[in-house]
Amino acid sequence: MKNHHYKTTIQWTGNKGTGTSNYRDYERSHTISVENKPTIEGSSDPAFRGDKTKYNPEEMFLSSLSSCHMLWYLHFCSEAGIIVTDYVDNATGIMTETANGSGHFSEVTLNPIVTVSEESMIEKAKELHHKAHEFCFIANSVNFPVKNIPKVLIK
């Protein structure tokens, strides 16, 4: 077994002068940074007094699932001789908020649209989504279903 270690810095930037003196007196704005990478501006979802122009944790979580699947998928296609020329995923997720204000994701659906260079590659290209799902680090770390509804097109 091999461990990989990650480090990120989250810095709250939403102090409007009185800190968290009142629920409405502070912004949920923050930055997400990793050494030698561009900073990401974050906030909470607008439903929780967040800034709609900034990424929220739920969007970042959904993006993590989607991009992890894509990266494994492209890897397996490359190994199998499947030439992918385009890949887009319009992923969706459902988060259920409970009566006490906490919540959890109950489902994520990946909807990858993959373009391959030849018709003979379509069936294998569809199959490889199953393998990518089995290997995805993020999907293997969640306790809810991650569905996959792929479409494969020809260039």
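No value in this document is a laboratory result; all are computed from the given coordinates. As the structure is a prediction and not an experimental result, all values here were calculated from the model. Positions of Cβ are generated from backbone atoms using ideal geometry, with glycine treated the same way; all protein chains shown enter the neighbour counts.
Here are some notes:
- Candidate set from the stretch 84-97 (those that are buried (at least 18 other Cβ atoms within 10 Å of the Cβ) and either without any contact (Cβ under 8 Å) to a residue 24 or more places away in the chain or within 17 Å of the chain's Cα centre (by Cα) (or both)); member that is farthest from N140 (Cα to Cα): D89
- Residues in the stretch 117-126 that are surrounded by 15 or more Cβ atoms within 10 Å (Cβ to Cβ) and out of contact with any strand residue (DSSP E or B) (no Cβ under 6 Å at 6 or more places or on another chain): M121, K124.
- Test result for E41, of a type in the set (D, E) and either within 16 Å of A132 (Cβ to Cβ) or assigned to a loop (DSSP other than H, G, I, E, B) (or both): no
- Breaking point among (1) at positive phi; (2) touching a Phe, Trp or Tyr at 6+ places or on another chain (Cβ under 7 Å); (3) in contact (Cβ under 8 Å) with a residue 12 or more places away in the chain; (4) of a type outside the set (A, V, I, L, M, F, W, C), for H30: (1)
- Only residues that are out of contact with any helix residue (DSSP H, G or I) (no Cβ under 8 Å at 6 or more places or on another chain) and either among the basic types (K, R) or under 18 Å from K155 (Cβ atoms) (or both) were counted in the stretch 93-144, giving 10.
- Of all residues in the stretch 98-116, those that are within 18 Å of the chain's Cα centre (by Cα) and either surrounded by 15 or more Cβ atoms within 10 Å (Cβ to Cβ) or without any contact (Cβ under 8 Å) to a residue 12 or more places away in the chain (or both) total 8.
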